[in-house]
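S.K.: My structure is below; once you've seen it, I'll send some questions.
The values are calculated or read from the model by the stated rules, or taken from the named source; none is laboratory data. These numbers were taken from a predicted model, which means no experiment stands behind them. Cβ coordinates were reconstructed from backbone atoms using ideal geometry, including for glycine residues, and neighbour counts include every protein chain displayed. To get the accessible areas, we keep the full protein, side chains included, count just its heavy atoms, and leave off ligands, DNA and RNA. Shrake-Rupley method; radii C 1.70, N 1.55, O 1.52, S 1.80 Å.
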Amino acid sequence: MPAIRERYDALVIGGGIAGMQAALELSEQGYEVLLVERDPSIGGVMVGLNKVFPTLDCSSCICTPRMAEAAHHPRIQLQTWSEVKRVEKDGDGFRVEVLRKPRYVDEDKCLGCDECELVCPIDVPHEFDYGLGARRAVYVPHANAIPHKAVLDVEHCVYCGKCEKACPTDAFDFAQQPLVDATRVGTVVISTGLQITPMDRKKEYGGGRLPNVLSPLAMERLQSSNGPYGRVLRPSDGRIPRTIGYVQCAGSRDRSIGVPYCSRVCCMYALKQALLLRHYIHDVEVTLYCMDIRAFGKGYEQFYRRAVREGVRIVKGKVARIQETDGRDLLLRVERIDVDGRIEEHRYDLVVLAQGLVPAWHADGVIDIEEAEDGFVRTPEAKLNPSFTTMEGVFVAGVAAGPKDIPDAIVEAGEAAMAAANHLERTRWRAGTARAAEAEETEIEEEPALV
Amino acid sequence: MAEAVAAKTGPAKSALAALRESRGGVSAAMKAWLKDQQDVRKKLRASLAAGARSVPDLAAECGLEPGRVLWHLMAMRRYGEVAEAGEKDRYVLYALKKG
């Protein structure tokens, strides 16, 4: 892992699909980029998804080439397992402090061979699988992780030393300490992504206590071929579900939990998951309870119709309550919207809450930009310059600015990179490496003409 | 050879010991977690030694909550100790891997 240099052209905060896209577009224009990711791997939420809508392409098959490209680009320095602690205006650029968390593994020596993970005696719930699966106290984050390096979770370590003995390259470095490094950059792109509304917000839906009420991201992992169970099973007892209910707007368009906006992707990811469940379990019945279906994007309406054609049942109704029965089945109390407002109860093996999107990060204490009332980064010129924030030279991309789907996040990341490049040219910021050398060459060529 | 091994483990061991000391040793919670994991795995291995079982079968035989059984079984599956061995009545059967 190279040291953090004194100067870069751009800092990109967050290594999900939007951050990778912004970093790649800047680096392709010759700018030196520092890409900081708080997790031990880049890839963000997208690398954990099963398939993308409406094409049903494998999500990681799209995401991992982009991850590899970002990791191997000569003008992008990846700084994973690190957090940006402070960004301050400093002349034409910004002074940045980055906290580098200890992996307790020398990244230059680690082969990502898993030998340490195989001998570690501790299994703990794996964050990547939303707790449904296990990982070891020392682990490579997931099969597609980049960098594909081990990290020691010291909170769960029993200090047995087996990992160190199993390592073929002597990569363990238990003396590593958290380090705060300072650098200077000419521009900043914030691409800190999303989390979903917490399960415990909706008490009437079980408040996160019912094992067979899943978040949509947990269902993504269950449907993934490298998911925690290798197939879709009920977490409470391992049964192959026969009836599955989807509760739409279970964390959006809901003033009672402070999320009044539409999260824009829930209808489509629910339809995608429902359709795939029909493919994966031959006799499963899937019912979506929704106020309406918002299929706004290219090919989305056609996808909705396909899902209905292939047997996904859509019911216009609002789920008021979810209760657990003795056998851990789930009883949904539904107010029908389409049939004179009558109340019905339906029983399901498994329920998925179509939770909304909220910001995964807040600027408070890190950088002096404004956030909007909904907590996303404020974009004062949303129509003409959607990546502009309230601070000159600081731009935003992806869900950090508001809920959006993957194509929109990628388009916006390109716009943010272009705006950041314009800012660098305006301020004539140079990182002092490749770009500066190019600029010097240009000046040398021009000088004789002036003489 | 012995010197090479000592050279390999010596300094790293002291760094590990220093890390352990700096973090106040192994917490009581982690000791309890590890003991529970070992107890559950012992029961599951004993039941699976008699043949393939579903999660409810294992839960009943081992006196464990089915959700816990599934989580531990999936951990064993991930690290190569257990594999699927068919289906019965909407439940997957799991068996110890040979060798």
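S.K.: At 1.4 Å probe size, with the rest of the protein present, what percent of the exposed accessible area of the range A:197-356 is carbon and sulfur atoms?
M.R.: That fraction is 45 percent.
S.K.: Using the Karplus curve 6.51 cos²θ - 1.76 cosθ + 1.60 with θ = phi - 60°, what ³J(HN,Hα) values do you get for each residue of the range A:138-144, in whole Hz, with x for Gly and Pro?
M.R.: 10, 7, 8, x, 6, 4, 9
S.K.: For the charge dipole of chain A, defined by +1 on Lys and Arg C-beta atoms and -1 on Asp and Glu C-beta atoms about the Cα centroid, which residue among A:VAL84, A:ILE293, A:HIS72 has the Cα displaced farthest towards the positive pole?
M.R.: Farthest towards the positive end: A:ILE293.
S.K.: Still on this structure, please answer the following. In Å², and per residue, what accessible area does the protein assembly as shown have when probed at 1.4 Å with the other protein chains present?
M.R.: Spelled out: the 1.4 Å probe surface of the protein assembly as shown, per residue, equals 44 Å².
S.K.: Charges on Cβ only, +1 for Lys and Arg, -1 for Asp and Glu, centred on the Cα centroid of the protein assembly as shown; of A:TYR261, A:CYS163, B:ALA52, which one is farthest towards the dipole's positive end?
M.R.: Projecting each Cα onto the dipole axis, the largest value belongs to B:ALA52.
S.K.: In percent, what relative contact order does the range A:76-175 have, based on Cα pairs under 8 Å that are 6 or more apart in sequence?
M.R.: On the way: 150 pairs, mean separation 27.3, N = 100.
So the answer I get is 27 percent.
S.K.: Do any residues of the range A:210-239 lose at least 10 Å² of accessible area when the full set of protein chains is present rather than just their chain alone, and if so which, with a 1.4 Å probe?
M.R.: Relative to the lone chain, where solvent access is computed with a 1.4 Å probe, the range A:210-239 loses at least 10 Å² at A:PRO228, A:TYR229, A:GLY230, A:ARG231, A:LEU233, A:PRO235, A:SER236, A:ASP237, A:GLY238, A:ARG239.
S.K.: Using modelled amide H (1.01 Å from N, peptide plane; none on Pro or chain starts), what sits under 5 Å from the amide H of A:ARG86, excluding residues fewer than 5 places away?
M.R.: Answer set, sorted by chain and number: A:GLU97.
S.K.: I've got another one for you. Name the residues of the range B:60-81 whose accessible area falls by at least 50 Å² when all protein chains are present instead of the chain alone, probe 1.4 Å?
M.R.: B:LEU70, B:TRP71, B:MET74, B:ARG78, B:TYR79
S.K.: Using the basic label-point model (7 angstrom from Cα toward the beta carbon), what is the A:HIS282 to B:ARG68 distance in nanometres?
M.R.: Each label point lies 7 Å from its Cα, and together they span 3.7 nm.
S.K.: Oh, and also: Looking only at the range A:197-356, where both bridge partners belong to it, what percent of the DSSP beta bridges are antiparallel (to the nearest 5)? Before the final figure, lay out each step's value.
M.R.: On the way: 14 of 29 bridges.
Restricted to the range A:197-356, the bridges split so that about 50 percent are antiparallel.
S.K.: Just checking chain A: which Cys have no other cysteine's beta-carbon under 4.7 Å?
M.R.: A:CYS63, A:CYS110, A:CYS113, A:CYS120, A:CYS157, A:CYS160, A:CYS167, A:CYS249, A:CYS262, A:CYS266, A:CYS267, A:CYS290
S.K.: Decide, for chain B, between rounded, prolate and oblate: order the square roots of the alpha carbon gyration tensor eigenvalues as a ≥ b ≥ c, take rounded if a/c falls under 1.5, and otherwise choose prolate if a/b is larger than b/c, else oblate.
M.R.: prolate
S.K.: Then there is this: Can you run phi through the Karplus equation (6.51, -1.76, 1.60; θ = phi - 60°) for the range A:174-179 and list ³J(HN,Hα) in whole Hz, with x for Gly and Pro?
M.R.: For the range A:174-179, the Karplus curve yields 6, 8, 4, 10, x, 10 Hz.
S.K.: Further question on the same structure: Roughly speaking, what is the centre-to-centre gap between the range B:24-40 and the range A:130-199 when only Cα atoms are used, to the nearest Å?
M.R.: Taking the Cα centre of each part, the range B:24-40 and the range A:130-199 sit 22 Å apart.
S.K.: If you put +1 on each Lys and Arg Cβ and -1 on each Asp and Glu Cβ, how big is the dipole of chain A around its Cα centre, in Debye rounded to 20?
M.R.: The calculation lands at about 2080 debye.
S.K.: Turning to a different aspect of this structure: Summing -39500 (n - 2.57) over the DSSP H runs of n ≥ 4 in chain B and dividing by its residue number, what mean residue ellipticity at 222 nm do you reach, to the nearest 500 deg cm²/dmol?
M.R.: Taking each H run of at least 4 residues, the total per residue is -21000 deg cm²/dmol.
S.K.: Still on this structure, please answer the following. Could you derive backbone 3J(HN,Hα) for the range A:383-399 from the dihedral phi with the Karplus parameters 6.51, -1.76 and 1.60 (θ = phi - 60°), listing whole Hz in sequence and x where the residue is Gly or Pro?
M.R.: With coefficients 6.51, -1.76 and 1.60, one gets 7, 9, 9, x, 9, 6, 10, 7, 10, 4, x, 10, 10, 10, 9, x, 6 Hz.
S.K.: Go through the range B:26-59 and flag every residue whose accessible area shrinks by 10 Å² or more with all protein chains in place compared to the isolated chain (probe 1.4 Å).
M.R.: SASA drop of 10 Å² or more in the range B:26-59: B:VAL26, B:MET30, B:TRP33, B:LEU34, B:GLN37, B:ARG41, B:VAL55.
S.K.: How large is the charge dipole for the range A:315-436, taken about the Cα centre, if only the Cβ atoms of Lys, Arg (+1) and Asp, Glu (-1) carry charge, to the nearest 20 debye?
M.R.: Result for the range A:315-436 is approximately 360 debye, rounded to the nearest 20.
S.K.: Relative contact order for chain A: what percent, with Cα pairs under 8 Å and sequence separation of 6 or more?
M.R.: Here the relative contact order equals 19 percent.
S.K.: Summing +1 for each Lys or Arg and -1 for each Asp or Glu, what net charge is found among the other residues whose Cβ lies under 13 Å from the Cβ of A:PRO380?
M.R.: On the way: positive: A:ARG378, A:LYS383; negative: A:GLU370, A:GLU371, A:GLU381, A:GLU392.
The answer is -2.
S.K.: Restricting to Cα pairs below 8 Å that are 6+ residues apart, what does the relative contact order work out to for the range A:122-196? Please round to a whole percent.
M.R.: Worked out over the range A:122-196, it gives 18 percent.
S.K.: Stretch A:LEU111-A:ILE343 to full length: gain in nm at 0.36 nm per residue minus the Cα-Cα span?
M.R.: 77.7 nm
S.K.: List the residues whose amide H sits under 5 Å from the amide H of B:LYS97, counting only those 5 or more places along or on another chain, with H placed 1.01 Å from N in the peptide plane.
M.R.: Distant-sequence amide H within range of B:LYS97: B:VAL82, B:ALA83.
S.K.: Whole angstrom only: what separates the Cα centroid of the range A:316-359 from the Cα centroid of the range A:1-45?
M.R.: Going from one Cα centre to the other spans 42 Å.
S.K.: With respect to the cross-link table entries A:LYS203/A:LYS318; A:LYS165/B:LYS42; A:LYS202/A:LYS318; A:LYS109/A:LYS149; A:LYS51/A:LYS272, which display a Cα-Cα separation exceeding 18 Å?
M.R.: Long pairs (Cα-Cα over 18 Å): A:LYS165/B:LYS42.
S.K.: Once you place label points 7 Å from the Cα toward the Cβ at A:PHE296 and A:THR55, how far apart are they in nm?
M.R.: 2.2
S.K.: What net charge do the residues around A:PRO54 carry, taking every other residue with its C-beta under 12 Å from that of A:PRO54, with Lys and Arg at +1 and Asp and Glu at -1?
M.R.: Details: positive: A:LYS51, A:LYS272, A:LYS298, A:ARG305, A:ARG306; negative: A:ASP57, A:GLU301, A:ASP405.
Summing Lys and Arg as +1 and Asp and Glu as -1 gives +2.
S.K.: Given the -39500 (n - 2.57) contribution per DSSP H run of 4+ residues, what per-residue ellipticity at 222 nm results for chain A, rounded to the nearest 500 deg cm²/dmol?
M.R.: After summing the helix terms and dividing by residue count, I get -7500 deg cm²/dmol.
S.K.: Once you have a ≥ b ≥ c as the square roots of the Cα gyration tensor eigenvalues for the range A:197-356, tell me rounded if a/c is under 1.5, and otherwise prolate or oblate according to whether a/b is larger than b/c.
M.R.: Verdict is rounded for the range A:197-356.
S.K.: Using a basic spin-label model with each label point 7 Å from the Cα along Cα→Cβ, how many nm lie between B:SER27 and A:ASN422?
M.R.: Between B:SER27 and A:ASN422, the simple spin-label model gives 4.9 nm.
S.K.: Rounded to the nearest 100 Å², what is the buried accessible area between B and A, both sides summed, probe 1.4 Å? Walk me through the intermediate numbers first.
M.R.: Numbers: alone 7450 and 20030 Å², together 24070 Å².
Between B and A, the summed buried area is about 3400 Å².
S.K.: Moving on. Rounded if a/c is under 1.5, else prolate if a/b beats b/c, else oblate: with a ≥ b ≥ c from the C-alpha gyration tensor eigenvalues square-rooted, which is the protein assembly as shown?
M.R.: oblate
S.K.: Give, rounded to the nearest 20 debye, the magnitude of the charge dipole that the range A:197-356 has about its Cα centre when Lys and Arg contribute +1 at Cβ and Asp and Glu contribute -1 at Cβ.
M.R.: 420
S.K.: Return the long-range amide H neighbours of A:ARG239 (sequence gap of 5 or more, or a different chain), with a cut-off of under 5 Å between placed amide H atoms.
M.R.: Here A:ARG234 satisfy the definition.
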